[in-house]
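The values are calculated or read from the model by the stated rules, or taken from the named source; none is laboratory data. What you see is a predicted model, and the numbers here were worked out from it, not measured in a lab. Reconstructed Cβ throughout: ideal geometry from the backbone, glycine too, with neighbour counts over all protein chains shown. The area values use the complete protein model at the heavy-atom level, side chains included, leaving out ligands, DNA and RNA. Shrake-Rupley method; radii C 1.70, N 1.55, O 1.52, S 1.80 Å.
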Amino acid sequence: MDRTRLGPTRPPPHPPGMSSVLERNIVALSRRRVEEERRASMQERVAEAVTRFTGSMTFVYLHLAFFGFWIVANLGLVPGVPPWDESFVVLAMMASVEAIFLSTFVLISQNRMQAAADKRADLDLQISLLAEHEVTKLVTLTKAMADHLGVRTAIDDEIPEITRNVAPEAVLDEIEAQAERPGGPGGG
């Protein structure tokens, strides 16, 4: 038995309409991402570029070389190079100032990423609410068909509850109320 061919001999066919919807969504999201990048301010682009570079191994190697040379030279281990910062105070100051700036660039990039994540979360919530609404309508329709055909099921008692639309405000209010109660999540 040939174990290298565990899958089908040819890929399964795409469900009708599925690939075009998927492709449309991918294209729409890609266009949106490109548009958001285009709308980014110059400061945001600079911060993103700096953050991307400082998060690279090239940045680490440059720092290893620079700080390594600085330390070795100021310990007097490089012939012909007189020490200029024997107490390493200047090196410490430079590293501190660099850390301040790099932290700021990282925070700017994180703020931008968080804003994008918030937009995606809002989109996810809207899609989830729409799907919940559509499922509720499908359950209502299915229940009507079952009633018409005289079909009874074990979950008939649950039908009134699952055919009600969810009010997101009520859910959020309950989550907040639970968090504030003693012994609840977040409540002392």
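Taking only the alpha carbons of the chain, we obtain Rg and Dmax values of 30.0, 99 Å in that order. Using only the alpha-carbon atoms, how far is helix 42-54 inclined from the longest principal axis of the chain? Give it as 0 to 90 degrees, nearest 10. Result, in degrees: 70. Taking each residue as 0.36 nm, the span from Arg52 to Ala92 lengthens on full extension beyond its C-alpha to C-alpha distance by 12.0 nm.
Secondary-structure-derived ellipticity at 222 nm for the chain, considering helices only, amounts to -24500 deg cm²/dmol, per-run term -39500 (n - 2.57) for DSSP H runs with n ≥ 4.
Per residue, the average separation of C-alpha pairs within less than 8 Å and at least 6 apart gives the range 39-181 a relative contact order of 22 percent. Relative to the dominant Cα principal axis of the chain, helix 89-149 is inclined by about 10°. Residue ranking by accessible heavy-atom surface, 1.4 Å probe, largest first, among Leu149, Leu107 comes out as Leu149, Leu107.
Helix 18-39 and the long axis of the chain differ in direction by around 40°, with both axes built from C-alpha atoms. Where does the Debye-calculated log10 I(q)/I(0) of the range 11-98 sit at q = 0.18, 0.21, 0.26 Å⁻¹, using only Cα point scatterers of equal weight, no solvent? Scattering profile of the range 11-98, log10 relative to I(0): -0.92, -1.03, -1.21. Quick one: if the Förster radius is 25 Å, what FRET efficiency do Val21 and Glu158 give, using the C-beta to C-beta distance and rounding to 0.05? That pair, Val21 with Glu158, gives E of 0.20. Counting only protein chain heavy atoms and rolling a 1.4 Å probe, the accessible areas of His133, His63, His148 rank, largest first, as His148, His133, His63. In the range 87-179, one over the average inverse separation of all distinct C-alpha pairs is 18.4 Å, which is the Kirkwood hydrodynamic radius. With all protein chains in place and a 1.4 Å probe, the accessible surface of the chain carries 65 percent carbon and sulfur.
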